[in-house]
Each structure stands twice: as C-alpha cells, then as structure tokens.
Amino acid sequence: MRTLSASDLSLNTATVSKQWSLEECIEGCKRHGIGGIAPWRDKLQDCGVDRAARLIRDAGLGVSGLCRGGWYTAEGALTQAVIDDNKRAVDEAAAIGAECLVMVVGGLPEGSKDLVGAREIVTEGLAKTLDYARTQGVKIGIEPLHPMYAADRACVNTTGQALDICDKLGDGIGVALDVYHIWWDPEIAAQIERAGKERLLAFHVCDWMSPTQDMLTDRGMMGEGVIDIPAFRSMVEAQGFDGLVEVEIFSAANWWTKPGDDVLKAMVGALPAI
C-alpha cells in the first residue's frame, strides 16, 4: 500500500456540516494540507456553483466527488422533478471537476414493499442520468448503503448489486465505496476485484462505533471503531485505485460538536488508522 499523507485525504463536507460553510471548508483544507474536498450539494449551492468552482481551483484542491444525486424512488418514483434534479447534479459535478457524482439511489417508494421493483426503478433512473452524464464527461458512482437503509435511503445494499447495475448500463458508471456501508459484506473482496480500477470511482472512510448509538449519525473518526480500514484500502489499491481517500463522518454527539479545525487536525492525525 502507498504511504498516505494529508495531501492524499479529501474532506467530505458532511464531516463538518454543522460547523462550516463550503468556503470555510476550503480554507480549512488549505490550513491543514488536505489535498481534496467533496462538497455536498447544499453547501455548494449556498456558495454558488461558479464561485465554488473558482475557490476550489484557486486553492489547488482536487474534488473526489459531489454528494449527492439519486433518490429515484422519491415523489412517486422517476418523476420529472427527480430526473431534472439529477441533471442539475451532473451539471454541478462537471462545473467543479468532480471525479464522480455520488448516487444515494433511494429506498422503497412510498407505500411499497417491492424491493426488487425499487431496484428496477433505480436502474431505469440511473440509465437516464448516465445518458446525460456521458455528454458532460461526468462519471456516476453508485454508493451501496448498509442494508439497514434499504427501506428509506438506498435499495442497493451490496457492491455486487451495484456492479450488476453497472454491467447493465455500460461505460461511465461505477461504485463509490464507503467502509461504513461495506465492512460487513462477506463478498466484498471478490466484488472489489470484480469492480477493477475503472469502476472504483471513490473510497470513503470513517469508523463503525460499537456499541452504535445512532445508525446514521454516530460514525467515528478512523481508528475509533471496529472497521479494519487498512484492509479495505489494501483491497482497492490492489485494483489500482490511487485517488483521494475521502473522509465522511456523520457524528451528531461528537465530531459535529467540535471546532472544525479540531476535526481536520484529528483527520490528519488518524492517517495511521487508514
């Protein structure tokens, strides 16, 4: 495995979402020598897309991804509003030079119990977005989410399911793998190998706390929990992944309560746990 430094990290703005604006995140990355950033769309839109693109470029930061598109099963499934919003997300990703547009695809449509059908809706939606994304030079990264989110956030729950969709849709689509969501999967090593370099579009890190106090907002800094993060990095790097390692932590009771600079200092300090 390569030896990481702060310049190999990317700050997902969710990690300091309660403390900082996008402008403050950019300045924080510069202060701490962090090499990249991954904005969430709300922060990006608050800043202004064109202004954000200029600030990121002037700071010399890479953009490991844009969070997030998807939600294809919302509002009755594949409404024009959902399709149009994903088109806007593609445009935003192109404007800031994101390595990929990360997709949280959506769970069950309201009132439905048909998980297979939900995945079919998602595949159709991704195909529509991908057709446009190809014209803009934007890659689409499906983020499989832990099965506990199958009903409400993402009905694509394993890397294998995500890659099955990629196989159907062809070039320009791959996976954004977050250790929080994949660490439990007994098939993950084989699926990472199956993905290969071309379809490993993003690698997100945080840690799984045990016991977990909240299934969404109790994620740990790397090294605080039970995930063998270096093992997963070894797997993706064995396939040729050499991109920024993106730190994405939802932590309502801990990291979101600390000054942003303390959080970024801890990120850099956690390099040995990655």
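The values are calculated or read from the model by the stated rules, or taken from the named source; none is laboratory data. No experiment lies behind these values; they were computed from the predicted model shown. Note: ideal-geometry Cβ built from the backbone for every residue, glycine included; neighbour counts use all protein chains shown. Accessible surface is based on the protein model in full, side chains and every heavy atom, while ligands, DNA and RNA are left aside. Shrake-Rupley method; radii C 1.70, N 1.55, O 1.52, S 1.80 Å.
Being small (Gly, Ala, Ser) and within 16 Å of the chain's Cα centre (by Cα) narrows it down to one residue among Gly240, Gly260, Gly174, Gly170; which is it? So that I can check it myself, show each step before the final result.
Numbers: Gly240 fails: within 16 Å of the chain's Cα centre (by Cα); Gly260 fails: within 16 Å of the chain's Cα centre (by Cα); Gly170 fails: within 16 Å of the chain's Cα centre (by Cα).
Testing whether each residue is small (Gly, Ala, Ser) and within 16 Å of the chain's Cα centre (by Cα) leaves just Gly174.
Does at least one position in region 80-95 carry a residue that is at pLDDT 95 or above, in a helix (DSSP H, G or I) and in contact with a Pro (Cβ under 6 Å, 6 or more places away or on another chain)?
no
If you scan region 130-142, which residues turn out to be open to solvent by less than 30 Å² (accessible area, probe 1.4 Å) and within 11 Å of Leu169 (Cβ to Cβ)?
Step one: list which residues in region 130-142 are open to solvent by less than 30 Å² (accessible area, probe 1.4 Å), which gives 130, 133, 138, 140-142.
Within region 130-142, Leu130, Ala133, Ile140, Ile142 meet the criteria.
Take Leu145 and tell me if it is at pLDDT 95 or above, open to solvent by less than 30 Å² (accessible area, probe 1.4 Å) and part of a loop (DSSP other than H, G, I, E, B). Even if it seems obvious, please write down each step before you answer.
Values: at pLDDT 95 or above: yes; open to solvent by less than 30 Å² (accessible area, probe 1.4 Å): yes; part of a loop (DSSP other than H, G, I, E, B): yes.
It is true that Leu145 is at pLDDT 95 or above, open to solvent by less than 30 Å² (accessible area, probe 1.4 Å) and part of a loop (DSSP other than H, G, I, E, B).
Does region 15-68 hold any residues that are charged (D, E, K, R) and buried (at least 21 other Cβ atoms within 10 Å of the Cβ), and which are they? First the steps, then the outcome.
In the first step, residues of region 15-68 are kept if they are charged (D, E, K, R); the result is 18, 23-24, 27, 30-31, 41-43, 46, 50-51, 54, 57-58, 68.
Within region 15-68, just Lys43 meets the criteria.
When region 245-271 is examined, which residues are found to be assigned to a strand (DSSP E or B) and closer than 12 Å to Val205 by Cα? Before you say what the answer is, go through the steps one by one.
Narrowing region 245-271 to residues assigned to a strand (DSSP E or B): 245-247, 251.
Hits for region 245-271 are Val245, Glu246, Val247.
Just to be sure before I move on: is Thr158 open to solvent by 10 Å² or more (accessible area, probe 1.4 Å) and touching a Pro at 6+ places or on another chain (Cβ under 8 Å) in the structure I sent? Walk me through how you get there before you give the answer.
Numbers: open to solvent by 10 Å² or more (accessible area, probe 1.4 Å): yes; touching a Pro at 6+ places or on another chain (Cβ under 8 Å): yes.
Taking the combined requirement at face value, the residue satisfies it.
Restricting to region 97-118, give me the number of residues that are crowded, with 19+ Cβ neighbours inside 10 Å and either in contact with a strand residue (DSSP E or B) (Cβ under 7 Å, 6 or more places away or on another chain) or free of Cβ contacts under 8 Å to residues at least 12 places away in the same chain (or both).
10
Determine whether region 69-80 contains at least one residue that is free of Cβ contacts under 8 Å to residues at least 24 places away in the same chain and open to solvent by less than 40 Å² (accessible area, probe 1.4 Å). Before the answer, list the steps.
Narrowing region 69-80 to residues free of Cβ contacts under 8 Å to residues at least 24 places away in the same chain: 75, 79-80.
When the remaining residues are screened for being open to solvent by less than 40 Å² (accessible area, probe 1.4 Å), the result is 79.
Yes, there is a match, as at least one residue in region 69-80 is free of Cβ contacts under 8 Å to residues at least 24 places away in the same chain and open to solvent by less than 40 Å² (accessible area, probe 1.4 Å).
Could you check, for region 192-209, whether at least one of its residues is part of a loop (DSSP other than H, G, I, E, B) and open to solvent by 10 Å² or more (accessible area, probe 1.4 Å)? First the steps, then the outcome.
Going through region 192-209, the residues part of a loop (DSSP other than H, G, I, E, B) turn out to be 206, 209.
Right, trim to open to solvent by 10 Å² or more (accessible area, probe 1.4 Å) and you get 209.
Yes, region 192-209 has at least one match.
Considering region 44-70 alone, what residues qualify as being of a type in the set (Lys, Arg) and within 18 Å of Lys139 (Cα to Cα)? Before the answer, list the steps.
Filtering region 44-70 down to residues of a type in the set (Lys, Arg) leaves 51, 54, 57, 68.
The one that is of a type in the set (Lys, Arg) and within 18 Å of Lys139 (Cα to Cα): Arg68.
If you check Asp214, Asp242, which single one turns out to be part of a loop (DSSP other than H, G, I, E, B), of a type outside the set (S, T, N, Q), surrounded by fewer than 19 Cβ atoms within 10 Å (Cβ to Cβ) and in contact with a Lys or Arg (Cβ under 9 Å, 6 or more places away or on another chain)?
Numbers: Asp214 fails: in contact with a Lys or Arg (Cβ under 9 Å, 6 or more places away or on another chain).
Every option except Asp242 fails the conditions.
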